[in-house]
1. Please give the length that would be gained between Arg51 and Lys270 if that part of the chain were fully extended, namely 0.36 nm times their separation in residues minus their C-alpha to C-alpha distance (nm, one decimal).
2. Give me the orientation-averaged projected area of the Cα convex hull of the stretch 196-257, in nm², one decimal.
3. What is the Cα centroid distance between the stretch 123-146 and the stretch 265-288, reported in whole angstrom?
4. Give, as a single signed number, the net charge of other residues whose beta carbon lies under 13 Å from the beta carbon of Ser128, with Lys and Arg counted +1 and Asp and Glu -1.
5. Please give the calculated 222 nm ellipticity per residue for the chain, where each DSSP H segment of at least 4 residues contributes -39500 (n - 2.57) and the sum is spread over every residue; nearest 500 deg cm²/dmol?
6. Do you know the relative contact order of the chain, to the nearest whole percent, from alpha carbon pairs under 8 angstrom that are 6+ apart?
7. Set the bar at 30 Å for Cα to Cα. Now go through Lys136/Lys313; Lys144/Lys282; Lys110/Lys136; Lys7/Lys102; Lys247/Lys282 and name every pair that lies beyond it.
8. For Asp145 and Gln211, what does the FRET efficiency come to when R0 = 35 Å and r is the distance between their Cβ atoms, rounded to the nearest 0.05?
Amino acid sequence: MTGQSEKLIAIFGGSGFIGRHLVRRLAEQGWRIRVIVRDTQKASFLKVSGRVGQISLVPASSTNEQSVASAVQGADAVVNLVGILYERGKRSFQAIHINGAKNIAKACAKAGVKHLIHISALGADNASPSKYAQSKAAGETAIKDAFPGATIFRPSVVLGPEDGFFNLFGRLIQIFPIVPFFTNTVPHAEGGGGPKFQPVYVGDVVAAVSQAVSDDSYAGKTYELAGPRIYDMREIITIVNNEAQRKRWIIGLPFFVAGITAFFLQFLPKPLITPDQVKQLKIGSLATGKLPGLDAFGITPTAAEGVISTYLKRYRPLQQNKRLRIKPNK
Ligand SMILES: NC(=O)c1ccc[n+]([C@@H]2O[C@H](COP(=O)([O-])OP(=O)(O)OC[C@H]3O[C@@H](n4cnc5c(N)ncnc54)[C@H](OP(=O)(O)O)[C@@H]3O)[C@@H](O)[C@H]2O)c1
(Lines give C-alpha, C1' and ligand atoms only; values in the text may rest on other atoms or scores of the structure.)
Protein backbone atom coordinates (compact mmCIF):
# COMPACT_ATOMS: atom_id res chain seq x y z
CA MET A 1 0.00 0.00 0.00
CA THR A 2 1.17 3.50 -0.74
CA GLY A 3 -0.90 5.44 1.76
CA GLN A 4 -3.74 6.10 -0.69
CA SER A 5 -6.14 3.91 1.32
CA GLU A 6 -8.45 6.82 2.18
CA LYS A 7 -8.82 7.92 -1.44
CA LEU A 8 -11.76 6.88 -3.57
CA ILE A 9 -11.63 6.42 -7.33
CA ALA A 10 -14.66 5.84 -9.58
CA ILE A 11 -14.05 3.95 -12.81
CA PHE A 12 -16.55 3.93 -15.68
CA GLY A 13 -15.95 0.91 -17.94
CA GLY A 14 -13.86 -0.83 -15.26
CA SER A 15 -15.13 -4.27 -16.29
CA GLY A 16 -13.67 -4.05 -19.81
CA PHE A 17 -10.26 -5.12 -21.09
CA ILE A 18 -8.21 -2.11 -19.95
CA GLY A 19 -10.50 -1.53 -16.96
CA ARG A 20 -9.83 -4.87 -15.22
CA HIS A 21 -6.06 -4.26 -15.43
CA LEU A 22 -6.51 -0.76 -14.05
CA VAL A 23 -8.69 -1.99 -11.18
CA ARG A 24 -6.01 -4.53 -10.20
CA ARG A 25 -3.27 -1.90 -10.37
CA LEU A 26 -5.14 0.71 -8.32
CA ALA A 27 -6.16 -1.92 -5.76
CA GLU A 28 -2.46 -2.74 -5.29
CA GLN A 29 -1.84 0.96 -4.70
CA GLY A 30 -4.45 0.95 -1.93
CA TRP A 31 -7.27 2.97 -3.56
CA ARG A 32 -10.88 2.36 -2.59
CA ILE A 33 -12.44 1.59 -5.95
CA ARG A 34 -15.98 2.13 -7.15
CA VAL A 35 -16.49 0.40 -10.48
CA ILE A 36 -19.46 1.79 -12.36
CA VAL A 37 -21.03 -0.86 -14.54
CA ARG A 38 -24.34 -1.48 -16.22
CA ASP A 39 -24.52 -5.06 -14.95
CA THR A 40 -23.02 -5.61 -11.48
CA GLN A 41 -23.54 -9.39 -11.68
CA LYS A 42 -21.44 -9.63 -14.86
CA ALA A 43 -18.67 -7.58 -13.25
CA SER A 44 -18.55 -9.49 -9.95
CA PHE A 45 -15.24 -11.14 -10.97
CA LEU A 46 -13.59 -7.78 -10.22
CA LYS A 47 -14.18 -8.13 -6.47
CA VAL A 48 -11.28 -10.57 -6.07
CA SER A 49 -8.85 -7.97 -7.49
CA GLY A 50 -8.69 -6.32 -4.06
CA ARG A 51 -9.10 -7.04 -0.38
CA VAL A 52 -12.59 -7.50 1.13
CA GLY A 53 -14.60 -4.29 0.82
CA GLN A 54 -11.96 -2.45 -1.26
CA ILE A 55 -13.84 -2.73 -4.56
CA SER A 56 -17.52 -1.90 -4.87
CA LEU A 57 -19.72 -2.27 -7.94
CA VAL A 58 -22.26 0.45 -8.61
CA PRO A 59 -24.92 0.15 -11.32
CA ALA A 60 -25.11 3.16 -13.66
CA SER A 61 -24.86 4.01 -17.32
CA SER A 62 -22.76 6.91 -18.57
CA THR A 63 -25.69 7.88 -20.79
CA ASN A 64 -27.93 8.50 -17.77
CA GLU A 65 -27.08 11.94 -16.36
CA GLN A 66 -28.69 11.31 -12.95
CA SER A 67 -27.03 7.96 -12.32
CA VAL A 68 -23.64 9.44 -13.34
CA ALA A 69 -24.04 12.30 -10.85
CA SER A 70 -24.57 9.94 -7.93
CA ALA A 71 -21.86 7.52 -9.13
CA VAL A 72 -19.10 10.17 -8.87
CA GLN A 73 -20.20 11.60 -5.49
CA GLY A 74 -17.31 11.67 -3.00
CA ALA A 75 -14.71 10.44 -5.51
CA ASP A 76 -11.23 12.01 -5.49
CA ALA A 77 -10.56 10.78 -9.02
CA VAL A 78 -12.63 9.45 -11.91
CA VAL A 79 -11.56 7.45 -14.98
CA ASN A 80 -13.71 7.14 -18.11
CA LEU A 81 -12.98 3.97 -20.08
CA VAL A 82 -16.39 3.67 -21.71
CA GLY A 83 -16.18 3.02 -25.42
CA ILE A 84 -17.78 1.05 -28.25
CA LEU A 85 -16.40 -0.16 -31.58
CA TYR A 86 -19.67 -0.23 -33.51
CA GLU A 87 -23.12 1.33 -33.17
CA ARG A 88 -26.27 -0.60 -32.29
CA GLY A 89 -29.63 1.16 -31.86
CA LYS A 90 -29.43 3.67 -29.02
CA ARG A 91 -25.78 2.76 -28.39
CA SER A 92 -24.48 5.24 -30.97
CA PHE A 93 -21.04 6.91 -31.01
CA GLN A 94 -22.85 10.19 -30.27
CA ALA A 95 -24.56 8.71 -27.19
CA ILE A 96 -21.56 6.84 -25.74
CA HIS A 97 -18.43 8.72 -26.84
CA ILE A 98 -19.82 12.27 -26.75
CA ASN A 99 -22.96 12.57 -24.57
CA GLY A 100 -21.72 9.97 -22.04
CA ALA A 101 -18.32 11.67 -21.77
CA LYS A 102 -20.04 15.06 -21.33
CA ASN A 103 -22.27 13.65 -18.53
CA ILE A 104 -19.21 12.32 -16.69
CA ALA A 105 -17.18 15.53 -17.04
CA LYS A 106 -20.08 17.76 -15.97
CA ALA A 107 -20.82 15.55 -12.95
CA CYS A 108 -17.12 15.53 -11.96
CA ALA A 109 -16.91 19.35 -12.14
CA LYS A 110 -20.06 19.70 -10.05
CA ALA A 111 -18.98 17.14 -7.45
CA GLY A 112 -15.52 18.73 -7.01
CA VAL A 113 -13.60 15.67 -8.27
CA LYS A 114 -9.86 16.50 -8.32
CA HIS A 115 -8.67 14.35 -11.22
CA LEU A 116 -10.56 13.22 -14.31
CA ILE A 117 -8.88 10.84 -16.74
CA HIS A 118 -10.48 10.21 -20.11
CA ILE A 119 -9.41 7.42 -22.47
CA SER A 120 -9.76 8.46 -26.10
CA ALA A 121 -7.86 6.82 -29.01
CA LEU A 122 -5.00 7.56 -31.40
CA GLY A 123 -6.45 8.99 -34.58
CA ALA A 124 -9.17 10.97 -32.77
CA ASP A 125 -9.86 13.62 -35.38
CA ASN A 126 -12.89 15.70 -36.40
CA ALA A 127 -11.77 15.42 -40.02
CA SER A 128 -11.30 11.63 -40.01
CA PRO A 129 -13.38 9.64 -42.50
CA SER A 130 -14.28 7.28 -39.61
CA LYS A 131 -17.27 8.13 -37.42
CA TYR A 132 -15.56 6.36 -34.49
CA ALA A 133 -12.51 8.67 -34.74
CA GLN A 134 -14.70 11.77 -35.22
CA SER A 135 -16.72 10.88 -32.12
CA LYS A 136 -13.54 10.28 -30.10
CA ALA A 137 -12.37 13.82 -31.02
CA ALA A 138 -15.77 15.31 -30.14
CA GLY A 139 -15.72 13.35 -26.86
CA GLU A 140 -12.36 14.95 -25.96
CA THR A 141 -13.82 18.40 -26.66
CA ALA A 142 -16.89 17.65 -24.52
CA ILE A 143 -14.61 16.55 -21.67
CA LYS A 144 -12.35 19.62 -21.90
CA ASP A 145 -15.29 22.04 -22.13
CA ALA A 146 -16.80 20.77 -18.88
CA PHE A 147 -13.58 19.83 -17.04
CA PRO A 148 -10.54 21.71 -18.46
CA GLY A 149 -8.13 19.98 -16.05
CA ALA A 150 -8.91 16.49 -17.39
CA THR A 151 -6.02 14.30 -18.55
CA ILE A 152 -6.67 12.67 -21.93
CA PHE A 153 -4.96 9.50 -23.13
CA ARG A 154 -4.94 8.41 -26.75
CA PRO A 155 -3.74 4.80 -26.90
CA SER A 156 -2.82 2.96 -30.08
CA VAL A 157 -4.10 -0.62 -30.40
CA VAL A 158 -3.75 -2.06 -26.89
CA LEU A 159 -2.32 -5.55 -26.42
CA GLY A 160 -2.76 -7.91 -23.50
CA PRO A 161 -4.34 -11.27 -22.62
CA GLU A 162 -7.94 -10.14 -23.25
CA ASP A 163 -7.26 -7.79 -26.21
CA GLY A 164 -9.55 -7.70 -29.22
CA PHE A 165 -6.87 -7.25 -31.90
CA PHE A 166 -4.21 -9.98 -31.55
CA ASN A 167 -6.80 -12.45 -30.24
CA LEU A 168 -8.98 -11.84 -33.31
CA PHE A 169 -6.12 -12.85 -35.60
CA GLY A 170 -5.40 -15.80 -33.27
CA ARG A 171 -8.97 -17.04 -33.72
CA LEU A 172 -8.89 -16.53 -37.51
CA ILE A 173 -5.57 -18.38 -37.74
CA GLN A 174 -6.96 -21.21 -35.64
CA ILE A 175 -9.92 -21.69 -38.01
CA PHE A 176 -8.94 -20.70 -41.55
CA PRO A 177 -6.11 -21.96 -43.79
CA ILE A 178 -5.81 -18.52 -45.41
CA VAL A 179 -5.73 -15.24 -43.48
CA PRO A 180 -5.95 -11.98 -45.42
CA PHE A 181 -4.56 -8.56 -44.68
CA PHE A 182 -5.67 -5.49 -46.56
CA THR A 183 -3.45 -3.12 -48.48
CA ASN A 184 -3.82 -0.06 -50.68
CA THR A 185 -1.04 -1.19 -52.98
CA VAL A 186 0.41 -4.38 -54.50
CA PRO A 187 1.24 -6.72 -51.56
CA HIS A 188 4.81 -7.36 -52.74
CA ALA A 189 5.59 -3.71 -53.48
CA GLU A 190 7.41 -1.47 -51.00
CA GLY A 191 4.90 -0.63 -48.25
CA GLY A 192 2.54 -3.38 -49.45
CA GLY A 193 2.16 -4.93 -45.99
CA GLY A 194 -0.91 -2.84 -45.23
CA PRO A 195 -1.58 -0.13 -42.66
CA LYS A 196 0.79 0.42 -39.77
CA PHE A 197 0.23 0.09 -36.03
CA GLN A 198 2.20 0.80 -32.88
CA PRO A 199 0.63 -1.58 -30.33
CA VAL A 200 0.97 -0.55 -26.71
CA TYR A 201 1.00 -2.98 -23.76
CA VAL A 202 -2.02 -2.73 -21.42
CA GLY A 203 0.36 -2.79 -18.42
CA ASP A 204 2.02 0.40 -19.72
CA VAL A 205 -1.35 2.08 -20.31
CA VAL A 206 -2.58 1.42 -16.76
CA ALA A 207 0.81 2.38 -15.32
CA ALA A 208 0.44 5.83 -16.94
CA VAL A 209 -3.22 6.20 -15.89
CA SER A 210 -2.41 5.19 -12.31
CA GLN A 211 0.11 8.04 -12.10
CA ALA A 212 -2.23 10.63 -13.62
CA VAL A 213 -5.04 9.88 -11.13
CA SER A 214 -3.20 11.60 -8.30
CA ASP A 215 -0.61 13.91 -9.87
CA ASP A 216 -1.53 17.50 -10.78
CA SER A 217 1.33 17.83 -13.25
CA TYR A 218 -0.58 15.70 -15.81
CA ALA A 219 -3.79 17.73 -15.54
CA GLY A 220 -5.13 19.45 -18.66
CA LYS A 221 -2.78 17.57 -21.00
CA THR A 222 -3.22 15.00 -23.76
CA TYR A 223 -0.88 12.00 -24.15
CA GLU A 224 -0.36 9.55 -26.99
CA LEU A 225 0.31 6.02 -25.76
CA ALA A 226 2.16 3.87 -28.28
CA GLY A 227 4.52 0.92 -28.24
CA PRO A 228 8.23 0.91 -29.11
CA ARG A 229 7.87 -0.57 -32.63
CA ILE A 230 5.82 -0.02 -35.75
CA TYR A 231 4.36 -3.09 -37.49
CA ASP A 232 2.38 -3.37 -40.69
CA MET A 233 -0.66 -5.68 -40.89
CA ARG A 234 1.28 -8.45 -42.60
CA GLU A 235 3.94 -8.44 -39.85
CA ILE A 236 1.28 -8.57 -37.14
CA ILE A 237 -0.48 -11.56 -38.70
CA THR A 238 2.88 -13.27 -39.28
CA ILE A 239 3.81 -12.85 -35.60
CA VAL A 240 0.46 -14.32 -34.51
CA ASN A 241 0.87 -17.17 -37.04
CA ASN A 242 4.31 -17.99 -35.60
CA GLU A 243 3.16 -17.74 -31.99
CA ALA A 244 0.23 -20.01 -32.76
CA GLN A 245 2.69 -22.43 -34.45
CA ARG A 246 0.53 -22.55 -37.56
CA LYS A 247 1.53 -22.37 -41.21
CA ARG A 248 -1.32 -20.33 -42.65
CA TRP A 249 -1.17 -18.50 -45.97
CA ILE A 250 -1.12 -14.79 -45.34
CA ILE A 251 -2.35 -13.01 -48.43
CA GLY A 252 -2.76 -9.34 -49.27
CA LEU A 253 -6.12 -8.20 -50.66
CA PRO A 254 -7.22 -4.75 -51.83
CA PHE A 255 -9.22 -2.69 -49.36
CA PHE A 256 -12.39 -2.79 -51.48
CA VAL A 257 -12.66 -6.52 -50.56
CA ALA A 258 -12.60 -5.50 -46.88
CA GLY A 259 -15.31 -2.92 -47.64
CA ILE A 260 -17.60 -5.50 -49.29
CA THR A 261 -16.97 -8.07 -46.52
CA ALA A 262 -17.64 -5.50 -43.82
CA PHE A 263 -20.85 -4.39 -45.52
CA PHE A 264 -22.32 -7.88 -45.00
CA LEU A 265 -20.69 -8.63 -41.62
CA GLN A 266 -21.94 -5.40 -40.03
CA PHE A 267 -25.41 -6.96 -39.67
CA LEU A 268 -24.20 -9.74 -37.35
CA PRO A 269 -25.15 -9.23 -33.67
CA LYS A 270 -21.42 -8.86 -32.84
CA PRO A 271 -19.81 -7.92 -36.15
CA LEU A 272 -16.26 -9.06 -36.92
CA ILE A 273 -15.72 -5.83 -38.86
CA THR A 274 -17.88 -2.88 -39.92
CA PRO A 275 -17.49 -0.42 -42.83
CA ASP A 276 -16.49 2.27 -40.29
CA GLN A 277 -13.76 -0.01 -38.89
CA VAL A 278 -12.45 -0.53 -42.44
CA LYS A 279 -12.03 3.26 -42.66
CA GLN A 280 -10.06 3.25 -39.39
CA LEU A 281 -8.03 0.22 -40.44
CA LYS A 282 -6.96 2.04 -43.63
CA ILE A 283 -5.47 4.85 -41.55
CA GLY A 284 -3.65 2.54 -39.10
CA SER A 285 -2.73 3.70 -35.61
CA LEU A 286 0.57 5.53 -35.22
CA ALA A 287 1.62 8.20 -32.72
CA THR A 288 2.01 11.61 -34.36
CA GLY A 289 4.94 12.44 -32.09
CA LYS A 290 3.43 15.92 -31.60
CA LEU A 291 2.13 15.05 -28.13
CA PRO A 292 3.95 13.66 -25.09
CA GLY A 293 3.88 9.91 -24.56
CA LEU A 294 4.81 7.18 -22.08
CA ASP A 295 8.22 8.76 -21.46
CA ALA A 296 6.46 11.65 -19.68
CA PHE A 297 5.55 9.04 -17.03
CA GLY A 298 9.04 7.52 -16.91
CA ILE A 299 7.71 4.36 -18.60
CA THR A 300 9.82 2.46 -21.14
CA PRO A 301 7.32 0.96 -23.60
CA THR A 302 7.13 -2.84 -23.51
CA ALA A 303 7.87 -4.69 -26.77
CA ALA A 304 4.86 -6.57 -28.17
CA GLU A 305 6.86 -9.76 -28.85
CA GLY A 306 7.72 -10.21 -25.18
CA VAL A 307 4.06 -10.12 -24.16
CA ILE A 308 2.00 -11.78 -26.89
CA SER A 309 3.88 -15.07 -26.61
CA THR A 310 2.40 -15.41 -23.11
CA TYR A 311 -1.22 -15.47 -24.28
CA LEU A 312 -1.25 -16.48 -27.96
CA LYS A 313 -0.16 -20.00 -27.02
CA ARG A 314 -3.84 -20.79 -26.65
CA TYR A 315 -4.16 -20.83 -30.48
CA ARG A 316 -1.59 -23.58 -30.96
CA PRO A 317 -2.71 -26.93 -32.38
CA LEU A 318 -4.01 -29.30 -29.72
CA GLN A 319 -1.23 -31.85 -30.38
CA GLN A 320 1.20 -29.34 -28.87
CA ASN A 321 -0.45 -29.90 -25.52
CA LYS A 322 -0.66 -33.71 -25.81
CA ARG A 323 1.91 -34.25 -23.11
CA LEU A 324 -0.21 -32.22 -20.70
CA ARG A 325 -3.41 -34.18 -21.33
CA ILE A 326 -4.48 -36.61 -18.65
CA LYS A 327 -5.26 -40.07 -19.99
CA PRO A 328 -8.63 -41.43 -18.82
CA ASN A 329 -8.53 -44.52 -16.59
CA LYS A 330 -9.21 -47.76 -18.44
N1 LIG B 1 -8.54 -1.81 -26.53
C2 LIG B 1 -7.93 -1.03 -27.42
O3 LIG B 1 -7.14 -1.49 -28.25
C4 LIG B 1 -8.17 0.48 -27.40
C5 LIG B 1 -7.40 1.29 -28.24
C6 LIG B 1 -7.62 2.66 -28.23
C7 LIG B 1 -8.58 3.21 -27.40
N8 LIG B 1 -9.31 2.39 -26.60
C9 LIG B 1 -10.34 3.01 -25.74
O10 LIG B 1 -10.12 2.66 -24.39
C11 LIG B 1 -11.37 2.53 -23.70
C12 LIG B 1 -11.43 1.16 -23.03
O13 LIG B 1 -11.21 0.17 -24.03
P14 LIG B 1 -11.41 -1.40 -23.72
O15 LIG B 1 -10.69 -2.11 -24.79
O16 LIG B 1 -11.13 -1.67 -22.31
O17 LIG B 1 -12.98 -1.51 -24.02
P18 LIG B 1 -13.98 -2.67 -23.58
O19 LIG B 1 -13.27 -3.90 -23.18
O20 LIG B 1 -15.00 -2.79 -24.68
O21 LIG B 1 -14.69 -2.05 -22.31
C22 LIG B 1 -15.58 -1.00 -22.41
C23 LIG B 1 -16.30 -0.86 -21.10
O24 LIG B 1 -17.30 0.15 -21.21
C25 LIG B 1 -18.49 -0.31 -20.54
N26 LIG B 1 -19.66 0.38 -21.07
C27 LIG B 1 -20.15 0.36 -22.32
N28 LIG B 1 -21.22 1.16 -22.42
C29 LIG B 1 -21.40 1.71 -21.19
C30 LIG B 1 -22.31 2.65 -20.64
N31 LIG B 1 -23.28 3.20 -21.38
N32 LIG B 1 -22.18 3.01 -19.32
C33 LIG B 1 -21.20 2.48 -18.55
N34 LIG B 1 -20.31 1.59 -19.01
C35 LIG B 1 -20.41 1.22 -20.31
C36 LIG B 1 -18.49 -1.80 -20.80
O37 LIG B 1 -19.27 -2.47 -19.85
P38 LIG B 1 -20.54 -3.34 -20.26
O39 LIG B 1 -20.19 -4.74 -19.79
O40 LIG B 1 -21.62 -2.73 -19.46
O41 LIG B 1 -20.75 -3.25 -21.73
C42 LIG B 1 -17.01 -2.12 -20.62
O43 LIG B 1 -16.71 -2.28 -19.25
C44 LIG B 1 -12.46 2.75 -24.74
O45 LIG B 1 -12.89 4.08 -24.70
C46 LIG B 1 -11.74 2.49 -26.05
O47 LIG B 1 -12.31 3.21 -27.13
C48 LIG B 1 -9.14 1.04 -26.57
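1. Stretched out fully, the Arg51 to Lys270 stretch lengthens by 75.4 nm.
2. If I average the Cα hull's projected area over directions, I get 6.6 nm².
3. A separation of 16 Å, based on Cα centres.
4. After counting each charged neighbour, the total is +2.
5. Calculated mean residue ellipticity at 222 nm is -10000 deg cm²/dmol.
6. On the way: 665 pairs, mean separation 53.4, N = 330.
Result for the chain is 16 percent.
7. Lys136/Lys313
8. After rounding to 0.05, the efficiency reads 0.90.
The values are calculated or read from the model by the stated rules, or taken from the named source; none is laboratory data. Everything numeric here is computed off the predicted structure, so don't read it as measured data. Every residue, glycine as well, gets a Cβ built from its backbone with ideal geometry; the counts of neighbours run over all protein chains shown. Heavy atoms of the whole protein, side chains included, go into the accessibility calculation; ligands, DNA and RNA do not. Shrake-Rupley method; radii C 1.70, N 1.55, O 1.52, S 1.80 Å.
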